[in-house]
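Right, one structure below, let's go through it.
The values are calculated or read from the model by the stated rules, or taken from the named source; none is laboratory data. Since the structure is predicted, the reported quantities are computational estimates derived from the model, not experimental observations. Cβ placement follows ideal geometry from the backbone for every residue including glycine, while neighbour counts extend to all protein chains displayed. Heads up: the accessible areas ignore ligands, DNA and RNA and are worked out on the full protein's heavy atoms, side chains in. Shrake-Rupley method; radii C 1.70, N 1.55, O 1.52, S 1.80 Å.
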Amino acid sequence: MLSSVRLIPRTAWLVHSPICSSSRSFMDLKVLLSSLNDFASLSLAESWDNVGLLVEPSQPHTVHTLFLTNDLTEKVMEEALQKKADLILSYHPPIFRPLKHITWKTWKERLVIRALENRVGIYSPHTAYDAAPQGVNSWLAKGLGVCTSRPIHPSKAPKYPTVGTHRVEFSVNCTEDLDKVISAVKEIADVSVTSFSTRTDDEEQTRISLNCSQEALIQVVNFLSQSRQFYQKTEILSLEKPLLLHTGMGRLCTLDESVSLATMIERIKSHLKLSHVRLALGVGRTLESPVKVVALCAGSGSTVLQGTEADLYLTGRQLLGLLFFFCVHPFPTLVYFLRDKKEILGQHLVYKWI
């Protein structure tokens with residue numbers, strides 16, 4: 001599924017015409033990338049993924065036409081160049097593993113060469129779009145019917161005020177010991193120290209709280225273990241970043257009312273604008289079997305869906321031994337997803353389809 005978008009100034013109206021009336025119908029590449037990140041932060045992508053700006057033309061670079069595709073192949077690159085694209089947004093990253101050289105030998109290397117020769121940037125959001133609250137997985141869930149959904153693997157906040165992975169707390173009785181302890185722990189890298197007064201059994205004490213990294217924790221424990229007085233009163237807490245609401249990989253969807261498998265298939269085909277889907281029935285299942293809970297994942301779902309109980313599994317690839325139902329991969333996700341998100345996308349980009 002291919003499409004291109006003509007960027008227009010933020011003050012202009014959203015129109016559906018290939019003719020642009022403004023002489024300033026462009027966005028600076030850096031501004032555009034910032035807007036795309038506002039739409040779906042790259043920090044939401046899986047750690048194994050390769051997302052963001054993969055090929056960058058020399059600066060300055062302005063973008064008049066943004067070209068959308070699920071997968072960037074050589075034929076798609078030719079079409080993008082014919083449409084005079086300045087930036088290609090490819091849902092799947094065409095560069096995934098590191099390239100040791102850029103020659104004419106392989107098709108992926110040739111993509112990079114063609115892009116640089118023609119000053120065309122390549123950007124891939126992939127799993128960042130999957131995980132976003134209003135991203136691909138949430139959009140897929142809307143095609144199931146009225147339901148409540150939650151991420152199967154929730155995302156964690158990329159940044160959090162607390163520093164470190166662990167918190168170490170213990171009490172110190174006298175000022176002399178306090179000065180000694182604080183002086184010692186400050187010598188350890190990646191440790192932040194706070195202290196506050198407490199009263200235990202009518203005795204004034206100073207409570208020491210250390211936030212530290214995994215590496216620093218070993219040194220902190222080693223120091224405290226040298227003093228039985230400190231070590232016996234030590235508490236070690238593992239710090240976790242807070243979960244982000246409605247954000248993460250996959251969706252577990254519970255329908256308000258059960259429907260037959262046949263009805264669900266028609267809903268999915270209609271939502272994805274597909275003429276057919278591939279179906280694998282479990283033992284004892286028929287097209288009239290009821291569906292109440294659906295687990296879905298925009299990608300293969302091999303790790304996301306594993307261990308999740310549902311009546312129906314919707315994914316982009318076959319997972320042997322797990323699925324009752326799966327669709328052709330890739331989903332026609334990007335273009336239909338973005339078309340359905342015009343109003344939301346318009347808050348970050350002002351554009352028109354051509």
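Worth a mention:
- Cα-Cα over 22 Å, subset of LYS100/LYS156; LYS30/LYS84; LYS108/LYS159; LYS186/LYS233: LYS100/LYS156; LYS108/LYS159
- If R0 equals 35 Å, the separation of the Cβ atoms of LYS30 and LEU274 corresponds to a calculated FRET efficiency of about 0.40.
- When both bridge partners sit in the stretch 65-216, DSSP labels roughly 70% of those beta bridges antiparallel.
- Once backbone amide H atoms are built at 1.01 Å from N, LEU54 has ILE122, TYR123, SER124 as its partners under 5 Å, excluding neighbours fewer than 5 places away on the same chain.
- Protein heavy-atom surface of the stretch 220-324, 1.4 angstrom probe: 52% of the accessible area is carbon and sulfur, with nucleic acids and ligands not counted.
- Long-range amide H partners of THR247 with built H, under 5 Å: SER155
- The stretch 101-234: C-alpha gyration tensor shape, a/c 1.5 cut-off, then a/b vs b/c: oblate
- Where labels lie 7 Å past Cα in the beta-carbon direction, separation of ILE113 and THR194 in nm: 5.7 nm
- Entry comment: accessible area of the stretch 113-209 is 52 Å² per residue, from protein heavy atoms only and a probe of 1.4 Å.
- With K and R counted +1 and D and E -1, the other residues having a Cβ less than 12 Å from that of SER149 yield a net charge of +2.
- R0 of 45 Å, Cβ-Cβ distance HIS101-LEU243: FRET efficiency to nearest 0.05: 0.60
- Rounded to the nearest 20 debye, the dipole size of the stretch 166-238 about its Cα centre is 160 debye, using +1 on the Cβ of Lys and Arg and -1 on the Cβ of Asp and Glu.
- Those chymotrypsin sites (Phe, Trp or Tyr not before Pro) in the stretch 56-164 that DSSP places in a loop and that have at most 15 other beta carbons within 10 Å: PHE96, TRP104
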